[in-house]
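Data first, discussion second: the structure below is written as C-alpha cells.
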Amino acid sequence: MGEALSDGIENAEDFLCGALYHMEEDGQRIPVPSDANSIEKESADIITLISVDTEDYRRWHESKVVKKTLTIPSWLNEKATGG
C-alpha cells in the first residue's frame, strides 16, 4: 500500500515482477492473467492492469561487477592516472 493510488500500483508492479522473475528462475509455469470481469470486488474497489518486464528486472538485479585484468600501454596508464 501507499499514500496514493499510484504508490499502490507501483508496489504491485514491483511485487509481481519479483514474483514472476523468481518463478522463471525456478522453472515454474507462469499463470495466465485473471480475467478482470471474473474478479469479485466491493463497490469501492478498483481493478487495474499491472504490466511488468522481467527482462528489465533481470538486467537491473543481475548487474554485478566483474573484475578484469588487462594489459595496456604505459602511455595510456599515465594518461589515465594523471602521472
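The values are calculated or read from the model by the stated rules, or taken from the named source; none is laboratory data. In this text, all values refer to a predicted model and were calculated from it rather than measured experimentally. With ideal geometry, Cβ positions are generated from the backbone for all residues, glycine too; neighbour counts draw on all protein chains shown. Just the protein is used for accessible areas: all its heavy atoms, side chains included, with ligands, DNA and RNA removed. Shrake-Rupley method; radii C 1.70, N 1.55, O 1.52, S 1.80 Å.
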Q: May I ask for log10 I(q)/I(0) of the stretch 27-83 at q = 0.12, 0.14, 0.19 Å⁻¹, from a Debye sum over the Cα atoms as equal point scatterers with solvent left out?
A: -0.63, -0.72, -0.94
Q.
Quick check: the angle from helix 5-25's long axis to the longest principal axis of the chain, C-alpha only, nearest 10 degrees?
A. 70
Q | Loop sites in the stretch 1-73: GluC sites (Glu not before Pro), DSSP, at most 13 other Cβ within 10 Å | A | Glu3, Glu40, Glu42, Glu62
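Per residue of the chain, what 222 nm ellipticity follows from adding -39500 (n - 2.57) for every DSSP H run with n ≥ 4, rounded to the nearest 500?
It comes out at -14000 deg cm²/dmol, rounded to the nearest 500.
Taking the Cα centre of the chain as origin and charging only Cβ (+1 Lys, Arg; -1 Asp, Glu), how large is the dipole, in debye to the nearest 20? Spell out each step's value before the answer.
On the way: 8 positive and 17 negative charges, 181 e Å.
The dipole of the chain has a size of about 860 debye.
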Q) Heavy-atom accessible area per residue, the chain, 1.4 Å probe: how many Å²? A) 93
Q: For Glu13 and Ile50, calculate 0.36 nm times their separation in residues minus their Cα-Cα distance, and state this gained length in nm to one decimal.
A: 12.7 nm
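Filter the trypsin sites (Lys or Arg not before Pro) in the chain to those in DSSP coil with at most 14 other Cβ atoms within 10 Å of their Cβ, and list the result. Numbers along the way, then the final one.
Values: sites: Arg29, Lys41, Arg58, Arg59, Lys64, Lys67, Lys68, Lys79; in loops: Arg29, Lys41, Lys64, Lys67, Lys68.
Listed in order of number, the matching sites are Arg29, Lys41, Lys64, Lys67, Lys68.
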Q.
Give me the percent of accessible area attributable to carbon and sulfur for the chain, probe 1.4 angstrom.
A. 53
